[in-house]
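*Asks:* Attaching a single structure in structure tokens format; questions to follow.
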2 protein chains.
Amino acid sequence: MRNTTIAATLIALIVALAVTAQGPLADAKPSLDGMTVPAYTADGDLIRPEGYRTWVFVGASLGLSYSEGADEPEGPGAFTNVYIQPEAYRYFMETGEFPEGTMLPMDVFRPGSRESINQAGYFEKDFLGMEVAVKDSDRYEEGWAYLSFRDRSGGLRDSASAFPKDRCYDCHAEHAATDNVFTQFYPVLQRGE
Amino acid sequence: MRNTTIAATLIALIVALAVTAQGPLADAKPSLDGMTVPAYTADGDLIRPEGYRTWVFVGASLGLSYSEGADEPEGPGAFTNVYIQPEAYRYFMETGEFPEGTMLPMDVFRPGSRESINQAGYFEKDFLGMEVAVKDSDRYEEGWAYLSFRDRSGGLRDSASAFPKDRCYDCHAEHAATDNVFTQFYPVLQRGE
């Protein structure tokens, strides 16, 4: 009888501990404290994010066209470097979801070749522009929007309005592996690696 | 006379303030607190750094050969993504020098093409290996050493010994734009941009 009571008490204690340990910890989403969130002008244009070159790099490509109908340079095309906020990166790696406020800035570079000791292949040479994919369901009906900050003179605008839905969104929605993001092209975002 | 005294006092005060403001601030080097520094096994091999994919990305290339005599794959060659510790990045951007302990890990990826919506160009597909350039004058006579963590089975070793001097160092020393680092290939490290 005493043994049974002790055993029951122990079991109750173990269950209680297990529930306590699992409850708040299992439900806790990674913190987004300190994340640079999208900011907008009074007209609703996205303000160009700064400092993104110290965010987490997710992948590069050469010659892939993200903007349909863009005028491709002759040769190998352009390099792209895609970044994400460190907080959104950790959130994605832990949950598999991109949080609201995720921004994926993309630098575009014209490749260089056969300079210095380089005899073949391509390195990133001339800065051509910067585009951003942003997830903000309060602001954009489709959840995600795509913007380019390149101006006509080859410099960068301080703010930009979203491309029309059929220019970028539709293709991302149809072909991207994870919530409009082409994670299939970004080994760094492949979870469980 | 009184005006002269006041003027002299004010000038002395301004000079004192200027000296105070300039002295410690102008001499202060950016902090390296918290930087992941190189760690070694008892045998003197560099322990593979972890977590470098959240460090600062400095540049990508496709088909450039960093290791002389390496067997290049057919086709476009391999993508490389080079990283640096955030603290070393800030230090370099402010001073133009790479601090002791700088590590530049380089991921190597086999490119993919013509998958998903991709009709042309290349994205980063299969992880091939990871190499590191490390600046540690206490450890290496030349200051910098170059190591590959790729093992024979295509996985990663936990530690690696430096390549012989003539395999990597000599070429970096001769051709790299800044202290053995090919900053000429890394727009992100071009200061004053």
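*Asks:* If we count every other residue with Cβ under 11 angstrom of residue B:61's Cβ, Lys/Arg +1 and Asp/Glu -1, where does the sum land?
*Replies:* On the way: positive: A:125; negative: A:124.
Around residue B:61, the charge tally is 0.
*Asks:* Here's a follow-up. As a footprinting exposure proxy, order B:57, B:98 by other Cβ within 10 Å, with the fewest listed first. Please list the in-between numbers first.
*Replies:* Numbers: B:57 29, B:98 24.
Least crowded to most crowded, the residues run B:98, B:57.
*Asks:* I need the per residue convex hull volume for segment A:118-164, using only the alpha carbons, in cubic angstrom as a whole number.
*Replies:* So the per-residue hull volume is 115 Å³.
*Asks:* If you take each beta carbon of peptide A:172-180 and count the beta carbons of other chains within 10 angstrom, what is the mean? Don't jump to the answer; show the numbers that get you there.
*Replies:* On the way: counts 1, 0, 1, 3, 2, 1, 0, 0, 0.
Mean inter-chain Cβ contacts per residue within 10 Å come to 1.
*Asks:* Arrange the peptides A:141-152, A:79-90 so that the one whose residues have, on average, the most other Cβ atoms within 10 Å appears first. Walk me through the numbers before you get to the answer.
*Replies:* Working: A:141-152: 17.1, A:79-90: 23.1.
Descending mean neighbour count gives A:79-90, A:141-152.
*Asks:* Of the listed pairs A:29/A:135; A:135/B:125; A:125/A:165; A:125/B:125, which have alpha-carbon separations greater than 29 Å here?
*Replies:* Working: A:29/A:135 18 Å; A:135/B:125 25 Å; A:125/A:165 31 Å; A:125/B:125 23 Å.
Over 29 Å Cα-Cα: A:125/A:165.
*Asks:* Whole-Hz ³J(HN,Hα) for each residue in segment B:172-187, computed from phi via Karplus 6.51 cos²θ - 1.76 cosθ + 1.60 with θ = phi - 60°, x for glycine and proline: what do you get?
*Replies:* In residue order, the calculated couplings are 4, 4, 7, 10, 6, 6, 9, 6, 6, 10, 6, 4, 5, 9, 10, x Hz.
*Asks:* Right, next: Expressed as a whole number of Å, what is the distance separating the alpha-carbon centroids of segment A:34-55 and segment B:144-193?
*Replies:* 34 Å
Any read-out appearing in this document is the output of simple, stated calculations on the displayed coordinates, not a laboratory observation. Model, not experiment: these values are computed from the prediction. Quick reminder, even Gly has a Cβ in these numbers, built from the backbone with ideal geometry, and neighbours come from all protein chains shown.
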